[in-house]
Amino acid sequence: MNAMTHPLQNENGTVMVISLLIMAILTILGISAIDTSNVEIQITSNERVYKRNFYKAEAAVIAAAQQLEEATPAQLSDVSNFTWLINTDFNVDTLRYQDTDGTWKALQDGSGDWIDPPTANGIVGQVVTGDSSYAKSRFVVLETTGFIDLTAPTNMHSYTIYGFYDSNTRDRGRVIVEIGYKRKF
């Protein structure tokens, strides 16, 4: 005899429904994994760009320290011997310095480009190298010693060296490196 089956007891097709649900869950997991990978790639790319820019600013600091080391005491006694050596107020956040007449002067123009030649405003040094990727690296040396007495045999001089790399191209971003430097002469 034919027995009628109740529609709720008919299990035909349940395997297909369960497999479709599992496929949907796996698809969502795959899409979120791809999204996470894309974000990680962007983070890594930004970190690589920042490190490259940091190294360029650090190269400017090293170039300035090398020039300080190679300078004679007589040269360092007069800040006018070097266009990048100052003993006035300097604002590292706005990249402005106070001139001898009390006016604040910018190191960059309105578009963020360095004012070149660097001697235009009197205090910016440029990294000189054969590698053109360092063309936007600059440095400023601020003498923090105060009065220099060249008659003292053990005269310690303190400097603050700022290295800058500021790019408005694909390298995007400004990096500023600051170090202290002391020299006895």
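The values are calculated or read from the model by the stated rules, or taken from the named source; none is laboratory data. It should be emphasised that the depicted structure is a prediction, and the values quoted were computed from it without experimental measurement. Cβ: placed from backbone, ideal geometry, glycine included. Neighbour counts: every protein chain shown.
How many residues, within segment 70-106, are among the charged types (D, E, K, R) and touching a strand residue (DSSP E or B) at 6+ places or on another chain (Cβ under 7 Å)?
Number satisfying all stated conditions: 4.
Report yes if some residue within segment 112-119 is at pLDDT 75 or above and surrounded by fewer than 11 Cβ atoms within 10 Å (Cβ to Cβ); otherwise report no.
no
Is it the case that segment 147-168 has a residue that's of a type in the set (S, T, N, Q), modelled with pLDDT under 80 and assigned to a strand (DSSP E or B)?
yes
Looking only at residues that are surrounded by fewer than 22 Cβ atoms within 10 Å (Cβ to Cβ) and among the charged types (D, E, K, R) in segment 54-71, which one is nearest to the chain's Cα centre (by Cα)?
Here the answer is E58.
Here is a list: D78, D93. Which entry is under 17 Å from D166 (Cβ atoms), charged (D, E, K, R) and at pLDDT below 85?
The match here is D93.
Exactly one of these conditions fails for D101: (1) modelled with pLDDT under 80; (2) farther than 16 Å from T160 by Cα; (3) over 19 Å from the mean Cα position of the chain (by Cα); (4) surrounded by 10 or more Cβ atoms within 10 Å (Cβ to Cβ). Give me its number.
The one condition D101 does not meet is (4).
Would you check if there is a residue in segment 121-143 being over 23 Å from S158 (Cβ atoms), assigned to a strand (DSSP E or B) and modelled with pLDDT of 75 or more?
Yes, segment 121-143 has at least one match.
Could you tell me whether segment 52-68 includes any residue that is aromatic (F, W, Y), modelled with pLDDT of 80 or more and touching a strand residue (DSSP E or B) at 6+ places or on another chain (Cβ under 7 Å)?
For segment 52-68, residues aromatic (F, W, Y), modelled with pLDDT of 80 or more and touching a strand residue (DSSP E or B) at 6+ places or on another chain (Cβ under 7 Å): present.
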